[in-house]
Structures are given as C-alpha cells and as structure tokens.
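Please see the structure below; I have some questions.
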C-alpha cells in the first residue's frame, strides 16, 4: 500500500472517529473526557488499529509522529464538524448550561474557525508525541522478540 493511500485512510478513519466522539460528547459529563481522549489518545488508537490490520509495517519514529499529527488534527476537525452544530441544537432545545461555551463559540464564525484550527494544531502536537511513544513501544517489543 502506498503512503498516499495509507494517509487517505488515516484521514478518513480519524475524521469518522472524531465525529463519533463529537456526537457522544454532547452528553455534558463526557465532554471534557472525550476532548482529552482526542487530544492525547487518537494517535495510539490509530497506530494500534492499523498495526493490527498490518497496514503499518515497522517504520521509523518520524512516520509514527506524522501519523499521530495527522490523526490528531483530523480527529479534532471531525469532532468539531459534528459537535458544534449538535451542541447548538441541544442547547437550543434543552437549555443545558454545560454547553453554553459551545453556543458562545458558534455565534462568532471567525472565533469558531480560529478555535477549531488552534485546537487542531494543539491536538496534532500532542498526538505526534503520543504517536512517537507508541512507536517507541513497538520498537521495544520488537527488540524483545
């Protein structure tokens, strides 16, 4: 499988899993936990999933970091595409105070775009690091064998 095809699959899986987490995170107690999962654990999830499918072979640390950065950024994009409209609708219907911050962010489109891009970049950095750690873990396991 070529690198471009693998990257496309990683983008699709990351956006879909971010979207699913965005739908679940409308439940107020779960919002902060799911955002933390997106910020830190999207890359290990993607790397482990793709290693189990044998789509990722033993690669260099840079490739794990790139996979982590792509999956982190695209996970936040998928999360935002689903979460903000659904949170706006839930707040409009049920008047849930815990989702008030999402309503405030949605009302200013420039702030919304900046919020999504900056949180996506932050997630890419964190997930690049956790992707690096996951790659170190796999290299450690391979040395033991």
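Considering only region 119-135, how many residues are surrounded by fewer than 16 Cβ atoms within 10 Å (Cβ to Cβ) and more than 15 Å from residue 66 (Cβ to Cβ)?
1
Shifting gears a bit: Given the residues 56, 76, 70, 46, which is the only one that is in contact with a helix residue (DSSP H, G or I) (Cβ under 6 Å, 6 or more places away or on another chain), closer than 17 Å to residue 10 by Cβ and not in a helix (DSSP H, G or I)?
Unique residue meeting the criteria: 56.
OK, next. Residue under question is residue 41, and the condition is that it be surrounded by 13 or more Cβ atoms within 10 Å (Cβ to Cβ), without any contact (Cβ under 8 Å) to a residue 60 or more places away in the chain and out of contact with any strand residue (DSSP E or B) (no Cβ under 8 Å at 6 or more places or on another chain); does it hold?
When the stated conditions are applied, residue 41 does not pass them.
Is it the case that region 20-27 has a residue that's in a helix (DSSP H, G or I), crowded, with 19+ Cβ neighbours inside 10 Å, touching a helix residue (DSSP H, G or I) at 6+ places or on another chain (Cβ under 7 Å) and at pLDDT 90 or above?
yes
Determine, yes or no, whether residue 142 is assigned to a helix (DSSP H, G or I), in contact (Cβ under 8 Å) with a residue 24 or more places away in the chain and more than 24 Å from residue 15 (Cα to Cα).
Against the criterion (assigned to a helix (DSSP H, G or I), in contact (Cβ under 8 Å) with a residue 24 or more places away in the chain and more than 24 Å from residue 15 (Cα to Cα)), residue 142 qualifies.
Let me ask something else. Does region 84-118 hold any residues that are at positive phi and crowded, with 16+ Cβ neighbours inside 10 Å, and which are they?
none
Are any residues in region 28-38 without any contact (Cβ under 8 Å) to a residue 24 or more places away in the chain and either part of a loop (DSSP other than H, G, I, E, B) or within 18 Å of residue 67 (Cα to Cα) (or both), and if so, which ones?
37, the sole residue that qualifies.
Next question, about the same structure. In this structure, does residue 78 turn out to be closer than 18 Å to residue 27 by Cβ and modelled with pLDDT of 90 or more?
In short, yes.
The values are calculated or read from the model by the stated rules, or taken from the named source; none is laboratory data. Computed from a prediction, not measured in an experiment: that's the story for all the values here. All Cβ positions, glycine included, derive from the backbone under ideal geometry; neighbour counts span all protein chains shown.
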